[in-house]
Amino acid sequence: MPDGPLAIGVDIGGTKVAAGVVDAAGTVLRRTRRDTPHRSTSPRVVEDTIVSAVEELMGHGDDVVAVGIGAAGFVAADRATVVFAPHLSWRNEPLRAALGGRLALPIFVDNDANAAAWAEHRFGAGRGESHLVMVNLGTGIGGGIVLDGRVVRGRFGIAGEFGHMQVVPDGIRCECGNRGCWEQYASGNALVREARSLMSAGSPVVSDLFDRVGGDPGELTGPLVTEAARDGDPLARELLGEIGRWLGVGIADLAAALDPGTFVIGGGVSAAGDLLLDPARAAFRRQLTGRGYRPEAAIVAAQLGNEAGLVGAADLARVGAADLAWAEAVDRAERPSG
Ligand SMILES: [Zn+2]
């Protein structure tokens with residue numbers, strides 16, 4: 001028996017749309033996926049993709065109460081409009097209104113990292129933690145904030161974009177136009193960039209990594225570095241340690257601003273586990289304001305993996321639909337009768 005009301009979660013990434021029916025315990029009962037249409041295609045094509053995935057899932061007769069969408073981009077605080085999605089053609093796209101005419105269910109749109117943070121808070125590494133910050137290490141750094149058991153979206157919906165906090169004055173140039181952004185030092189891309197630059201310099205210490213990619217630095221990926229580190233390659237471990245150290249430095253800043261009880265680290269690089277997190281914890285302790293005189297937040301690896309966005313979007317929609325129903329009931333009760 002599925003647990004409680006069901007909701008559909010849709011995770012829209014740069015390369016795929018993943019959707020699933022999720023119960024109130026965070027269990028995914030059914031799944032489907034589509035390739036994300038290329039970024040040059042019209043918003044309508046992306047909408048068609050979402051509608052087709054949701055309709056397929058609805059075809060099984062489940063009693064679904066809402067649809068939640070987690071999108072990689074800036075989502076306005078009204079949870080209806082995608083302000084900007086770098087990998088899609090959405091610019092101020094009224095997604096809820098566009099889908100509302102085609103799907104007869106309440107629709108809630110959120111940033112994908114907010115959805116993932118919510119999922120880890122409800123069902124994953126942050127279960128039972130009221131104050132949680134999630135840091136996702138992918139090509140860049142994304143994040144989500146849950147404080148007092150609520151997602152913090154910010155006045156404009158753009159809270160949690162941690163990747164562009166400056167950690168190094170006049171540091172490495174970032175795509176955003178500034179220098180020294182955190183994601184230039186602690187992301188999956190930073191890991192690969194550092195490993196490739198050592199390989200290209202012909203350093204003899206990279207022979208293990210060279211063997212893994214047949215001598216072609218262009219073939220190197222984050223997971224390959226993690227695999228080498230797991231197999232004991234000292235250089236790969238050092239590279240991950242360096243990423244971890246920068247991770248801890250940025251997390252100390254976030255602790256100063258937000259004071260959560262737990263930091264959940266997700267994204268591809270987090271698969272390295274303690275090879276990444278132990279150096280992060282050590283750097284965090286060295287950097288933390290008031291260290292030794294305050295409780296310290298835990299730094300843990302995410303548990304829900306790639307499904308966090310889908311599960312979190314569904315659960316936020318389920319909760320949102322319940323709030324809507326409650327508000328309507330209150331409204332009816334307060335309306336003068338007769
Ligand atoms: Zn930047």
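The values are calculated or read from the model by the stated rules, or taken from the named source; none is laboratory data. Just so it is clear, the structure is predicted and the values come from calculations on it, not from any experiment. FYI the Cβ positions are ideal-geometry reconstructions off the backbone, even for glycines, and counts take in every protein chain you see. Heavy atoms of the whole protein, side chains included, go into the accessibility calculation; ligands, DNA and RNA do not. Shrake-Rupley method; radii C 1.70, N 1.55, O 1.52, S 1.80 Å.
Accessible area per residue for the stretch 1-124 is 40 Å², calculated with a 1.4 Å probe on protein heavy atoms, without ligands, DNA or RNA. Let a ≥ b ≥ c be the square roots of the eigenvalues of the Cα gyration tensor of the stretch 275-337; is it rounded (a/c under 1.5), or, if not, prolate (a/b larger than b/c) or oblate? In terms of gyration-tensor shape, oblate. Per-atom-type breakdown for the chain gives carbon and sulfur 51% of the accessible area (1.4 Å probe, protein chains only). To the nearest 10, the accessible area of residue 237 is 100 Å² with a 1.4 Å probe.
What do you get for the angle between helix 274-287 and the principal long axis of the chain? Use alpha-carbon atoms, 0 to 90 degrees, nearest ten. In the chain, helix 274-287 runs at an angle near 90 degrees to the longest axis. Between 164, 121, 60, the residue with the greatest mean-square fluctuation in the GNM of the chain (Cα pairs under 10 Å linked by springs) is 60. Of the trypsin sites (Lys or Arg not before Pro) in the stretch 64-120, the ones in a loop by DSSP (not H, G, I, E or B) with at most 16 other beta carbons within 10 Å are 102.
Looking at the stretch 127-303, the accessible area is 47 square angstrom per residue; that uses a 1.4 Å probe and ignores ligands, DNA and RNA. Taking every DSSP bridge with both residues inside the chain, close to 55 percent are antiparallel.
Taking square-rooted eigenvalues a ≥ b ≥ c of the alpha carbon gyration tensor, is the chain rounded, prolate or oblate, where a/c under 1.5 means rounded and, failing that, a/b exceeding b/c means prolate? Here the chain falls in the prolate category. Take the convex hull of the alpha carbons in the stretch 127-303; its mean projected area over all directions comes to 11.0 nm². Nothing charged except the Cβ atoms of Lys and Arg (+1) and of Asp and Glu (-1): what's the magnitude of the dipole of the chain about its Cα centre? Round to the nearest 20 debye. Result for the chain is approximately 560 debye, rounded to the nearest 20. For the stretch 183-188, what does the Karplus curve 6.51 cos²θ - 1.76 cosθ + 1.60, with θ = phi - 60°, yield as ³J(HN,Hα) per residue in whole Hz, taken in order and with x for Gly and Pro? For the stretch 183-188, the Karplus curve yields 5, 6, 10, 10, 9, x Hz.
The C-alpha atoms of the chain define a longest principal axis, and helix 308-334 lies at about 30 degrees to it. Every helix of 4 or more DSSP H residues in the chain counts as -39500 (n - 2.57), and over all residues that averages to -12500 deg cm²/dmol at 222 nm. For helix 234-258, what angle does its Cα long axis make with the longest principal axis of the chain, in degrees from 0 to 90 and rounded to 10? Tilt relative to the chain: about 50 degrees. Could you tell me which of rounded, prolate or oblate describes the stretch 228-338, using a ≥ b ≥ c as the square roots of the eigenvalues of the alpha-carbon gyration tensor, with rounded for a/c under 1.5 and, failing that, prolate when a/b is larger than b/c and oblate otherwise? Because a/c hits 1.5 or more and a/b fails to exceed b/c, the stretch 228-338 counts as oblate.
Which residues make up the longest stretch of the chain that has no chymotrypsin sites (Phe, Trp or Tyr not before Pro) in a DSSP loop with at most 13 other Cβ atoms within 10 Å? In the chain, the maximal stretch lacking such sites is 1-155. Annotation note: trypsin sites (Lys or Arg not before Pro) in the stretch 253-338 located in DSSP loop regions with a Cβ neighbour count of at most 13 within 10 Å are 291.
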